[in-house]
Amino acid sequence: MILKPIHNIDLFADKAESFIGVFGSKKWLSVYGNKLEIIGIYKDEHQLIGGFYFLKQKKYGFNFVKLPPYTPHCGLFFVSESKNKSSASNFSKEIMNDVCTYFTQQKSALTILAFPSYILDLQPFIWDKYKVIPNYTYRINLANSIEEIKSNFDSKHRNVINKAIKEELVVTADSMSKEELYNFFKESLITAGANVYNEELKNVFLKFSDSSNSFALIVKKGDVFLGAVFCVFDKNTCYYLLGGVNKNSGIQGINNLLIQNSIEKAKELGCKTFDFEGSMLKGVEKFFRGFGPELVPYFTVNKASLPLEILLKYKKREIF
């Protein structure tokens, strides 16, 4: 197996999008410009059978390997032609060994990566002294009817949604400009104390988003703006990417109503799954759980140089 950088984004996207959907599309990958390291997995010098991506940054004289912001995983995919279970398992193990070796060779002071939920074999990373940590997201099966999906909502969610509707809150689709959405979500992230990757966030709205890959829903009462959500999608999955509300409104149920409408919109678009795109914060997890979704695990791998690991054991005990 040969692992080497891909400089032609079309080459990677043509192969990756059918496996990892919107996060393997050319438009999404272009959000990161030339910052993104795209690695191809080749069966020989010319036959591309898989790949993955990450960001490699230098800070304080150290190299850091991490996920691109607003992307849930490193996009790892690969194609196995074997129909024999033992051969397929051996092939998968060889790929994962090579991927692990590639990351180790980056000699990064800190590596933090997440893998797609279908990647289950992280043993090579464990053997190479990475910390392999389970994380979780929530997903709703959109094959069910909207009535059945809503029947699984927590009664508190249903009550505040009904109250919001009675208070004449109105949800509309794509009624804000891309620039307005960018500014709103930037301020919303700052208010929440979250990291803001300004260039990438701006590119998500101004360069990536269009009606074929994303939608925004906003809610108002009269002329008063109350909140918005932004989702990206492909033919299989709709991902809840960003959400924010006007916390000074004093009105309950804004987020609940927006998510219900996002689920309905995703189903209208023909998506098979609605993904809450990560549910690791305790308060957020409880809120998402109230919509009756299925809990789905995925794995992160983390590794740090010894001095940095000792420091992170105090600062980030959950990952070290």
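The values are calculated or read from the model by the stated rules, or taken from the named source; none is laboratory data. Keep in mind that what you see is a predicted model, and the values were worked out from it rather than measured. When we count neighbours, we look across all protein chains shown, and the Cβ atoms used for this are built from the backbone with ideal geometry, even at glycine. Note: accessible area is taken over every heavy atom of the protein model, side chains too, but ligands, DNA and RNA are not part of it. Shrake-Rupley method; radii C 1.70, N 1.55, O 1.52, S 1.80 Å.
Quick notes on this structure:
- Among the residues making up the range 200-212, those that are part of a helix (DSSP H, G or I) and either open to solvent by less than 50 Å² (accessible area, probe 1.4 Å) or free of Cβ contacts under 8 Å to residues at least 60 places away in the same chain (or both) are GLU200, LEU201, LYS202, ASN203, VAL204, PHE205, LEU206, PHE208.
Each row is one residue, and each column tells you yes or no for (1) β-branched (Val, Ile, Thr); (2) open to solvent by 50 Å² or more (accessible area, probe 1.4 Å); (3) touching a Phe, Trp or Tyr at 6+ places or on another chain (Cβ under 7 Å).
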residue: LEU241; (1), (2), (3): no, no, yes
residue: GLY244; (1), (2), (3): no, no, yes
residue: LYS247; (1), (2), (3): no, yes, no
residue: ILE251; (1), (2), (3): yes, no, no
residue: LEU257; (1), (2), (3): no, no, no
residue: LYS265; (1), (2), (3): no, yes, yes
residue: GLU268; (1), (2), (3): no, yes, no
residue: LYS272; (1), (2), (3): no, yes, no
residue: LYS286; (1), (2), (3): no, yes, no
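- Among residues of the range 161-189 that are assigned to a strand (DSSP E or B), those with a Cβ under 9 angstrom from a residue that is open to solvent by 40 Å² or more (accessible area, probe 1.4 Å) and of a type outside the set (S, T, N, Q), sequence gap 6+ or separate chain, pair up as VAL170/LYS220; VAL170/LYS221; VAL170/GLY222; VAL171/LYS220; THR172/LYS220; ALA173/LYS265.
- Selection within the range 21-51 - open to solvent by 70 Å² or more (accessible area, probe 1.4 Å) and within 18 Å of ASN213 (Cβ to Cβ): LYS26, LYS27
- Restricting the range 225-279 to residues that are under 22 Å from GLY193 (Cβ atoms) and of a type in the set (Ser, Thr, Tyr), the residue that is modelled with the lowest pLDDT is SER279.
- The set of residues in the range 51-91 being over 16 Å from ALA114 (Cβ atoms), under 22 Å from the mean Cα position of the chain (by Cα) and among the aromatic types (Phe, Trp, Tyr) consists of PHE78 alone.
- In summary, GLU318 fulfils each of the numbered conditions (1) outside any helix (DSSP H, G or I); (2) at pLDDT below 95; (3) open to solvent by less than 40 Å² (accessible area, probe 1.4 Å) with the single exception of condition (3).
- Test for LYS286: is it of a type in the set (D, E, K, R) and assigned to a helix (DSSP H, G or I): yes
- Taking the listed residues GLU179, GLU187, GLU168, the one that is on the phi > 0 side of the Ramachandran plot, modelled with pLDDT of 90 or more and charged (D, E, K, R) is GLU168, with no other qualifying.
- Only one entry of VAL196, VAL171 meets the criterion of being more than 14 Å from GLY227 (Cα to Cα) and surrounded by 14 or more Cβ atoms within 10 Å (Cβ to Cβ), and that entry is VAL196.
- For the range 217-265, the set of residues classified as over 18 Å from the mean Cα position of the chain (by Cα), assigned to a loop (DSSP other than H, G, I, E, B) and of a type in the set (D, E, K, R) consists of ASP223, LYS247, listed by residue number.
- When the range 224-267 is filtered for residues that are touching a strand residue (DSSP E or B) at 6+ places or on another chain (Cβ under 7 Å) and small (Gly, Ala, Ser), the ones remaining, listed by number, are GLY227, ALA228, GLY243, GLY244, SER249, SER262, ALA266.
- Failed condition for ILE133, given (1) touching a residue at least 12 places away in the same chain (Cβ under 8 Å); (2) hydrophobic (A, V, I, L, M, F, W, C); (3) more than 30 Å from GLY283 (Cα to Cα): (3)
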